[in-house]
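First up is the structure itself, then whatever we jot down about it.
Read-outs: derived from the displayed coordinates by stated rules, not from any lab. Keep in mind the model is a prediction, meaning the values are calculated, not measured. Heads up, the Cβs are rebuilt from the backbone with ideal geometry, glycines too, and the neighbour counts pull from every protein chain shown.
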C-alpha cells in the first residue's frame with residue numbers, strides 16, 4: 001500500500017484516539033481563560049459562587065449577596081438562577097409520588113395532591129443604593145431582611161409545626177427591625193403538598209398571630225409551577241412585581257378551604273393592594289428554610 005495511506009490497522013485505532021481526546025477534561029487554564037473572557041465581556045469582577053441547596057439555593061444566594069453588599073465588600077452582586085424540567089428530574093418526582101395526581105397545583109386548598117414542576121430563568125442585581133443612584137439605575141425594591149433556618153427533621157418531610165419556616169421569618173423581621181404587623185403580603189412556599197402546606201400555615205400563624213387573619217397569602221407556584229433551584233429567585237421577582245404594580249398574585253387551583261389552614265388567601269384573581277413589606281418563603285428537602293423580606297420603593 002502506498003506510504004501515507006492509512007492501512008486497516010491504523011484506521012481501527014484512530015477513532016479510539018479521537019474518543020479519548022474528546023473525553024479528556026478541559027485544562028484548568030482553559031477554564032480560567034474562559035472566565036476572564038466572560039468577565040471582560042460582561043464587566044463583572046472575578047468572584048463567582050454556585051449554590052446547590054435545592055429549592056432554597058437561589059434564596060441563599062440572594063441572602064449572601066445582600067450580606068456582601070451591606071458589608072461593603074462588593075458594590076453590587078448579580079444573582080442568576082435557572083431550571084429546566086428534564087426527564088430524569090420528572091421521573092424522580094413522579095416515582096416519589098410528589099406530583100399532583102390531577103395535574104393541578106392547588107396550594108393550601110382542600111383536595112391538593114402534590115406539586116407541578118416548571119421551567120424558569122431569572123436574574124436580579126443586588127446593589128448598594130448609593131451605587132445605583134450614582135449610575136442612574138432604577139431601584140425596583142429594597143431587600144430589607146433575610147433569614148435562614150434548618151430544622152433537620154427528615155430528609156424530605158417538613159417539620160410538622162413549621163419550626164424552621166417560623167424561625168427564618170423571625171430572623172428576616174428582626175434583621176429589618178420591623179414588627180410582624182407591618183408585613184402586608186406573603187408569597188408562600190406553597191407547593192401543594194398536604195404536609196408541607198399545613199406546616200407552613202402553622203408557621204405563619206405562629207409568627208403573625210392575630211395579624212394572620214388580615215395578611216394576604218398566595219403561592220405564585222400555582223401559576224408558574226415549582227422551578228426547584230430557581231424557584232426562590234423567580235418568586236422574588238414575582239413579589240417585587242407585586243409591590244411595583246400593586247397587584248398580589250392569585251392563589252390558583254382553589255377547590256375549597258382546608259379547615260387546618262386558616263389563611264387569608266388571594267382567590268378568584270389578583271388582589272389590588274399596596275403593602276409596604278412583603279415576604280417570599282422557600283423550603284427544601286432536608287429541612288432548609290429561607291425568608292426574603294422586600295420593601296416597596
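For this structure, a couple of remarks:
- Restricting attention to the stretch 172-297, close to 55% of DSSP beta bridges with both partner residues there are antiparallel.
- The stretch 73-165: C-alpha gyration tensor shape, a/c 1.5 cut-off, then a/b vs b/c: prolate
- The packing ranking of peptides 91-104, 146-159, highest mean first, is 146-159, 91-104, where packing means the average number of other beta carbon atoms within 10 angstrom of each residue.
- Ranked packing of 107-119, 251-263, most packed first, by mean Cβ within 10 Å: 107-119, 251-263
- Peptides 133-139, 224-230, 204-210 ordered by average Cβ neighbours within 10 Å, highest first: 224-230, 204-210, 133-139
- Debye-sum result for the stretch 180-280 in log10 I(q)/I(0), which assumes one identical scatterer on each alpha carbon, at q = 0.20, 0.23 Å⁻¹: -1.03, -1.38
- If you sort the three axes of the alpha carbon gyration tensor as a ≥ b ≥ c, you get a/c of 1.5 or more for the stretch 238-297 and a/b no higher than b/c, which makes it oblate.
- Cα-based radius of gyration of the stretch 54-296 once divided by 2.2 N^0.38 Å, which approximates compact folds: 0.95
- Among beta bridges that DSSP assigns inside the stretch 54-296, antiparallel share in %, nearest 5: 75 percent
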